[in-house]
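The values are calculated or read from the model by the stated rules, or taken from the named source; none is laboratory data. Not measured: the values here are computed from a predicted model. With ideal geometry, Cβ positions are generated from the backbone for all residues, glycine too; neighbour counts draw on all protein chains shown.
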Amino acid sequence: MHTARSRNDEVATCIRYRLREDLLDVIEAVCGLREALLGAAAENVRTVMPGYTHLQPAQPTTVAHYLASYEAALGRDAERLLAAYDRTNRSPLGTGAFAGTTFDIDRERTADLLGFDSILSNSMDAVSARDFAFESVAACCGLALSLSSVAEDFVQFANRGYLALDDDYASTSSIMPQKKNPDSLELVRATTGDAAAGLNGLLTISKGLPRAYNRDLQNATPHVWRTIDAVTAATDVTAGAVTTASWHDAALSAAAAGGFSTATGVADLLAARGIPFRTAHEVVASAASRLAAGELADPDAQLAAIEAAAAAELDDALDAYISREAVAAALDPAESVASRDSAGGPAPGVVGGALDDARESLADDETVLTERRERLAAAEEALREEVGAYV
């Protein structure tokens, strides 16, 4: 069995053989999370919510637009993981310690029987290379960052009363019975640290190693397994939390109007009537400064402040440019969202089309995943038949 083999090429092969299955598992978990996000988004295409920049109320959007933003990010995570799989699924078997062998072997045949897509052409590179591991762990780190952001948002939204997490993804305090802690998502958030530690450990151990094989690599591989296992579990937990969360429409709608968040729409409206946007910006900024804290969500107070600011900044009445009705519509969060119908925007029609496109992309990735699994299953069956011929 060891003719034309070395521990070096055998171990390198086994790592790839195991890792490719783990990569398919995490890709499947990502597809599940994307499905959960798209399902929740489809139920909330018209659910208005506040959008934030710098954690400050910025502009109203919808729950669907918000959730779809994470699905898009996870789609790119899936692309990176699939690319890592394709570069992992290459066979080093038959390269010996690093300098090949004198025996007449068929490396392509063993690669095919083991389900590898191709062989690594240079024997020294084949036993030395761990870049497939770096790439796989780095892709998991990118995924962990996406998960961490979802988790952080949901923790904050639960705190603000925008959503309620299912009891399966929360816990009560040991001494404060009224509390519901989002601790499952806090652990998801912490997974980013575990993944980053794994990548850093892998890179640090591998730094500056000479060609070809070095025993240092024995300590590098556990970082791969720990990282991919942690991130796969965190992805599954996030999908469950997304699927079972309940969105509080009334609280979201009220918050969407807060902080004068429709101000940009009014500035856009003035600019559309021929006022330079810089001037329109100054008018609305002046209006915001005239509002007391308790008036920031009051449409009547907002309209009065805009009229006063227009008179001061434009030396003319507001209705010389736009009607009160048009301004009132721009100040309404739902109307503001509906007006933002540019590609990628939150208008319900645009988001609905984007969700359809996202489902097609997800279906394509699921097809690729199925094909990869079927290829491995077919190779395993062929290998069993080949081995059975010798029994």
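Within the range 106-146, take every residue that is surrounded by fewer than 16 Cβ atoms within 10 Å (Cβ to Cβ) and polar (S, T, N, Q) and give me the one that is farthest from residue 213 (Cα to Cα).
Selected residue: 118.
Out of the range 45-67, which residues are within 19 Å of residue 293 (Cβ to Cβ) and without any contact (Cβ under 8 Å) to a residue 24 or more places away in the chain?
Correct list: 52, 54, 55.
Tell me the residue from 84, 40 that is closer than 28 Å to residue 223 by Cα and assigned by TED's automatic domain parsing to the domain that holds residue 123, please.
After applying the criteria, what remains is 84.
Could we say that residue 365 is surrounded by 18 or more Cβ atoms within 10 Å (Cβ to Cβ) and in a helix (DSSP H, G or I) here? Can you show your working first?
Working: surrounded by 18 or more Cβ atoms within 10 Å (Cβ to Cβ): yes; in a helix (DSSP H, G or I): yes.
It is true that residue 365 is surrounded by 18 or more Cβ atoms within 10 Å (Cβ to Cβ) and in a helix (DSSP H, G or I).
Under the condition of being among the charged types (D, E, K, R) and modelled with pLDDT of 95 or more, which residue from the range 86-105 is surrounded by the fewest Cβ atoms within 10 Å (Cβ to Cβ)?
Initially, the range 86-105 is screened for residues among the charged types (D, E, K, R), giving 86-87, 90, 104.
Imposing the further condition that a residue be modelled with pLDDT of 95 or more reduces the set to 86-87, 90.
Working: 86: 16, 87: 14, 90: 19.
Among them, the one singled out is 87.
I'm trying to understand the selection: among the residues of the range 331-376, which are of a type in the set (Gly, Ala, Ser) and closer than 30 Å to residue 16 by Cα?
Once the filter is applied, which keeps residues that are of a type in the set (Gly, Ala, Ser) and closer than 30 Å to residue 16 by Cα, the range 331-376 yields 361, 363.
Residues of the range 246-268 being of a type outside the set (Ser, Thr, Tyr) and surrounded by 21 or more Cβ atoms within 10 Å (Cβ to Cβ), which ones?
Within the range 246-268, 252, 255, 256, 257, 260, 263, 265, 266, 267 qualify.
In the range 178-216, what count of residues is obtained for those that are among the charged types (D, E, K, R) and farther than 24 Å from residue 154 by Cβ?
Here the count works out to 4.
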